[in-house]
Number of protein chains: 2
Amino acid sequence: MSQAPAAEVITIGDELLRGEIVDSNKSFLSERLLGLDIETRWHASVLDDPNDMIDAFRRASERSRFVLVSGGLGPTRDDLTAQVLGEAFGRKLVLDEAALETIRAFFRAVGREMTENNASQAWFPQGAEILPNPIGTAPGFMLVENDTCFFCMPGVPRELYRMMDEQVLPRIAARCGGGRVVRSALLRTFGMGESTLDAELAGIATSGDVSLGFRTSFPDNYLRPVARADTAEAAEAALAAVCSEIRERLGALVYAEGDETLDGVVARLLREQGKTVAVAESCTGGLIAERFTAAPGASEYFLGGIVAYANPIKTSLLGVSEELIAEWGAVSEPVARAMAEGVRARFGADYAIATTGISGPGGGSEAKPVGTVHVALAEAGHTHCEHFVFPLDRTRHRQLTAQIGLDWVRRVLLGEELVGPTLLRRQGGAAPPAKTGAMGDDGRVGH
Amino acid sequence: MSQAPAAEVITIGDELLRGEIVDSNKSFLSERLLGLDIETRWHASVLDDPNDMIDAFRRASERSRFVLVSGGLGPTRDDLTAQVLGEAFGRKLVLDEAALETIRAFFRAVGREMTENNASQAWFPQGAEILPNPIGTAPGFMLVENDTCFFCMPGVPRELYRMMDEQVLPRIAARCGGGRVVRSALLRTFGMGESTLDAELAGIATSGDVSLGFRTSFPDNYLRPVARADTAEAAEAALAAVCSEIRERLGALVYAEGDETLDGVVARLLREQGKTVAVAESCTGGLIAERFTAAPGASEYFLGGIVAYANPIKTSLLGVSEELIAEWGAVSEPVARAMAEGVRARFGADYAIATTGISGPGGGSEAKPVGTVHVALAEAGHTHCEHFVFPLDRTRHRQLTAQIGLDWVRRVLLGEELVGPTLLRRQGGAAPPAKTGAMGDDGRVGH
């Protein structure tokens, strides 16, 4: 094996090869391995067919230090991973009494009857180390064959995610780097492009023991600092130091760490501060409301919203005056402000977000090109509004606009400045847009 | 090779193995192959590394009749597919003058300068047949090596999709079944479970020359009839016959054929009939509005909506009386009806959809368990409402509820009966739900 250990991911299941589902387990597992600075060299998927599975396992043992296997641990006759992996390397299956008892306890706890098939999930290749599955019936296992470690996990994503993070990654970290300990973090940022971030963070994590990875997940950028040391304490201290230096330089651009999403942060802050929010959406068309209400319990802080696609609705339901629309057009800063203030008053919310823009592909003009958008956030006594032009396709234009709205709610709750993203060309919010002088925006603009 | 030709999909690119993107090309290609009744046995992904690529190509040539390769056709130094595939099988690269001219013309048409690198995209392994790419600079190619056909396509999804359908599938069909012609269709259905569909279609497509596949893409079910014959005319006639028999038995359950989505059908029908729609969403929280407005030009038929998450908003903005909410609760048939009628009147729309329910996981009671939902569609002089209990997680509960609303707009525009799905346990819409007798549903219900 080379000094940089190579990893391989094998996913098993007929449904993958029929194209019925998009296999996201592979990218999840590879992304997590990268967090330990381990490169995945191969992804393979095979049918629930013993010959194909044996072939894949044996090849993996010849070329990879770590092999992550997903699927084939269930209770049905199609679930062959333990049996076939044993067969591939001449190992008998043996019953693990502790695993059997855990499965029994699981069924008792949920009040369901345990079948003979479920008992088959307690048989593992000789020498396997069992990996507990606290949220499902199928335990995973680790099997070491010469220089290769196989980690077999369930195919159900939420069970796989948890087993990977809690059971597999610590074992891989312990085996890497001659006993050196590896720790990594994920910092989520919104509002700055990757190359600018890179420049802002110049000089950070340049020692051999600390590295910094970048990843774009539109419209966000993620940072992945990784620290290596001889002890867990030293690795954790080095990681904490680099995270704190990143946060110091980037400030509020870092919106969360680990698995928390922007929507999750906003929901948490609103709940903690006992504040409420409402939305008035034109170009985002319900996307922001949908994101708020995707979370259980959203009614504690999300009062509702108005999707004001037609201009008369902006007038009748949001109280935006006809004159204002006639003078400035529906896609304008004054209208965005009036929408935010109107929906805030009508819903009695602490904060209100409004969006109006031209997501395209049609509807643009010279004065207001496709990509133009105004975002406003109203609070008691003050409304902030900015004007952007994002040359993006319709879907991304809407996504980015919604993200700005949500990020502004986070920023206002943290007492941070409301700034828009610099990741794309931005036009100054200060200069007023040209007046249209007529009902130029006929209600189709922005749609 | 066995009588059922095996296929393999190889996707190439470092970004796949870093887990940066979820690789949906594989499932797309396998799903399309299944349309010709060809089973994909292997999925593999490799880095932009010549050794790993050669290894993958050689193994594929030993075991697969058809090998679909995606990625590595671009103009950069990382794009190695043509060169490495040639190397794997001892073929020189040769310049294809026609391809070079096409690339030149592409750059002229978009007004960009062509670089030396782009010219590299006109070099192919000796013996390759070029596959045109009308929407990008990278042509694909077919290479036959012994019994194996390689089809190399760009990794950009929209270019890949088009090349697969227009160039690759007809070539594969021509090579399958001893010169027999294969034709397939995709019929999209909503509202009936897979086993019920199977029973409804008993006796259809049971000859050896016509087969029928099923696939679930929640909340829809897709049917894939496949016909084989000696001539294209005969295959097309057999396919048309089976499609027409399916449509006769299923009626309006089939909402579209081919690539058209439910949202697309609804938009087309609204536009064709010059009708408008508005929405009042409680439990779907903006999801229906977001789906309407995702399509360019939606302002022609979509007027807007109200996300009425808090009860006072149902009263102040939708005109649902406080007494009605007090008597029946926010999650009730009378409130759903009043919401639909209220939003229809306020927006001046031809049709209005309303949803109110308990998507969970919390908020249920014995009388109104988690999963309860009322969907209403209001038109001039009539409002239709149904009551369901769907034991699904929050995300799927919202998805299914939104789908019913959109499907009802389709049905009302087609003059079809408004029926709910039978794919899940449904409670009769006739029996009125129990009165709450108080403000029992305190605004959190349904959220």
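Readers should treat all values here as calculations from the given coordinates under stated rules, not as data from a laboratory. Just so we're clear, the structure is a prediction, and the values are computed from it rather than from any experiment. For neighbour counting, all protein chains shown are included, and Cβ atoms are generated from backbone atoms with ideal geometry for every residue, glycine included.
For the reader, a short list of remarks on this structure follows.
- Alpha-carbon centroids, segment B:309-378 and segment B:73-95: separation in whole Å: 61
- Across identical copies of the chain, B:E200 has label-point separations of 5.4 nm, listed in ascending order, with the point defined 7 angstrom from Cα along Cα→Cβ.
- Label sites at A:R247 and A:A202, each approximated as a point 7 angstrom past Cα along Cα to Cβ, lie 2.6 nm apart.
- Alpha-carbon centroid distance for the pair segment B:1-57 / segment A:1-62, whole angstrom: 12
- Rounded tilt (10° steps) of B:394-414 against the dominant C-alpha axis of chain B: 90
- Label point of B:V94 (7 Å along Cα→beta-carbon): distances to the other copies' equivalent points are 6.2 nm, sorted ascending.
- Other copies of A:A367: label-to-label distances in nm, shortest first, labels 7 Å along the beta-carbon direction: 5.7
- Residue among A:R224, A:R188, A:R108 with the largest mean-square fluctuation in a Gaussian network model of chain A, springs linking Cα atoms under 10 Å: A:R108
- At most 10 other Cβ within 10 Å, DSSP loop - trypsin sites (Lys or Arg not before Pro), segment B:332-361: none
- Shape of segment A:86-193, Cα gyration tensor, a/c cut at 1.5: oblate
- Top of A:A378, A:A367, A:A237 by mean-square fluctuation, Gaussian network on chain A, Cα under 10 Å: A:A367
- Rg over Rh [alpha-carbon atoms, Kirkwood Rh] for segment B:262-414: 0.95
- Rounded tilt (10° steps) of A:50-63 against the dominant C-alpha axis of chain A: 90
- For segment A:1-66, the square roots of the Cα gyration tensor eigenvalues, ordered a ≥ b ≥ c, give a/c of at least 1.5 with a/b no greater than b/c, which places it in the oblate category.
- About the centre of its Cα atoms, chain A shows a dipole size close to 480 debye [charges on the beta carbon of Lys, Arg (+1) and Asp, Glu (-1) only; nearest 20 debye].
- Distance violations [Cα-Cα > 29 Å] among A:K26/B:K368; A:K275/A:K368; B:K275/B:K314; B:K275/B:K368; A:K275/B:K314; A:K314/B:K314: A:K26/B:K368; A:K275/A:K368; B:K275/B:K368
- Three-way shape label, the protein assembly as shown, alpha-carbon gyration tensor, a/c 1.5: rounded
- Taking chain B as a Gaussian network of alpha-carbon nodes connected by springs under 10 Å, the highest mean-square fluctuation of the residues B:F218, B:F302, B:F66 belongs to B:F218.
- The rotation axis taking chain A to chain B passes closest to this chain A residue's Cβ, listed with the gap in Å: A:G286, 2.
- Simple Cβ-charge dipole of the protein assembly as shown, Lys/Arg +1 and Asp/Glu -1, about Cα centre, in debye nearest 20: 700
- On Cα atoms only, tilt of B:232-250 relative to the major axis of chain B in degrees: 20
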